[in-house]
1. Please rank 34, 48, fewest neighbouring Cβ atoms within 10 Å first, as an exposure proxy.
2. Starting at the first residue of the range 7-24, write each ³J(HN,Hα) from the Karplus equation 6.51 cos²θ - 1.76 cosθ + 1.60 with θ = phi - 60°, in whole Hz, x for Gly and Pro.
3. Over 18 Å between Cα atoms: which of 23/68; 48/69; 16/69; 23/48 fall into that group?
4. Using label points projected 7 Å from each Cα along Cα→Cβ, tell me how many nm separate residue 127 and residue 78, to one decimal.
5. Find how much the distance from residue 51 to residue 6 grows on full extension, using 0.36 nm per residue of separation minus their present alpha carbon separation; answer in nm with one decimal.
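No value in this document is a laboratory result; all are computed from the given coordinates. None of the values given here were measured: they were computed from a predicted structure. Positions of Cβ are generated from backbone atoms using ideal geometry, with glycine treated the same way; all protein chains shown enter the neighbour counts.
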Amino acid sequence: MRTIRFSSIVNAPREKVFDFYEKVESLMQITPPKMAFWAESDHERMVKGAEIILHFRVLRLFSIRWVKKIVESMPPERFEDIQESGPLQYWHHKHLFVQHGIQTEVIDEVDYELPLGFLGALIDLVCIRRVLNRMFRFRHRRTTEIFG
């Protein structure tokens, strides 16, 4: 199991930041444009039980369909998603929002595992971890820009 964790402090109340992150449409604003990404859902918000279907274009050749399900939602503190189907063997993403006075700490904590044993670990080392790090660095930079 691999874990990545990113956090940033933004100048906005927790309720406002949570409200932004809870909207499915906000994913487009905090995902790198180069990922050629789009999302669809029957829900407008990341509420418990919602399924979010993500699509990523890979090398302009094909797209990957990734179905995530919101398994926990405790506004305005956190929500969590897991992978129901997709490219990974396991994915559990905690979105945490911690109030610090008038600021909010946004924390992304992800446990994930690739299939294919040793080969999957090698692919993670060479590619996947870099992609995830780039994606979450962008997400936190954009969040800081949006909220100051």
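1. Taking fewest neighbouring Cβ atoms as first place, the list is 34, 48.
2. 9, 8, 9, 10, 8, 7, x, 3, 4, 5, 5, 4, 4, 5, 5, 6, 7, 4
3. The pairs that break the limit, which is 18 Å between Cα atoms, are 16/69.
4. 3.2
5. Values: separation 45, 0.36 × 45 = 16.20 nm, distance 2.36 nm.
Length gained between residue 51 and residue 6: 13.8 nm.
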